[in-house]
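Below: one structure, written as structure tokens.
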Amino acid sequence: MRIIGGNLRGLKLAEVGAGDPAAHLRPTTDRVREAIFNLLINGTHGNPIPNARVLDLFAGTGALGLEALSRGASRVAFVDDGAASRALLRANIDKCRAGAVTDCWRRDATRLGDNSCAGYGLVFLDPPYGKGLGERALQSALAGGWIAPGAMVVWEEAAAPPPVAGLEQIDQRQYGDTVVTLLRPA
């Protein structure tokens, strides 16, 4: 895995190996990540990345949030409760020298609680596929004020996800076995 674009372009991230099936660690491939960022940057909905505060739920290795930092986001908050994920995430934050502009929280993304600061303008969501965790995480994020009005939500899943009350779908694309859905608050 590597950073695809921006000022950290080409930076190799920590090796995942075979991943961690028990922890459902399945990093977004470089190809899908590149497609997501092309969709965000070149889409008709406006580029949400410059100066964005980013929330990366089920962060895993942190590749999505770090890619956003490389492309101009101002700050990223990573949320993951897996031990293997957090170790890789910390290693990748160090490789990117991004400690000063990141927060790393060991937390269940489906039970975020109340947000004590402004909502996030760009939210990445890459839950373990097919477990209904994405819907629960988004409901929690909406209820707790984590998603700013007008924010862009990028949700990766194995199949088209069900609608989530309070969010409207603005785009959806399939890349191999991954469906990427873009949502905005209704």
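Rule-based calculations on the coordinates, nothing more; no lab input. This structure is a prediction, so every number in the text was calculated from the model and none was measured. Reconstructed Cβ throughout: ideal geometry from the backbone, glycine too, with neighbour counts over all protein chains shown.
Table for the structure above
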item	result
Out of Leu69, Leu89, Leu55, sole residue that is in a helix (DSSP H, G or I), out of contact with any His (no Cβ under 8 Å at 6 or more places or on another chain) and touching a residue at least 60 places away in the same chain (Cβ under 8 Å)	Leu69
Test: residue in region 46-69 that is among the β-branched types (Val, Ile, Thr) and exposed (fewer than 14 other Cβ atoms within 10 Å of the Cβ)	no
Answer from Val180, Val164 - the residue that is assigned to a strand (DSSP E or B), farther than 20 Å from Pro50 by Cα and either over 12 Å from the mean Cα position of the chain (by Cα) or not charged (D, E, K, R) (or both)	Val180
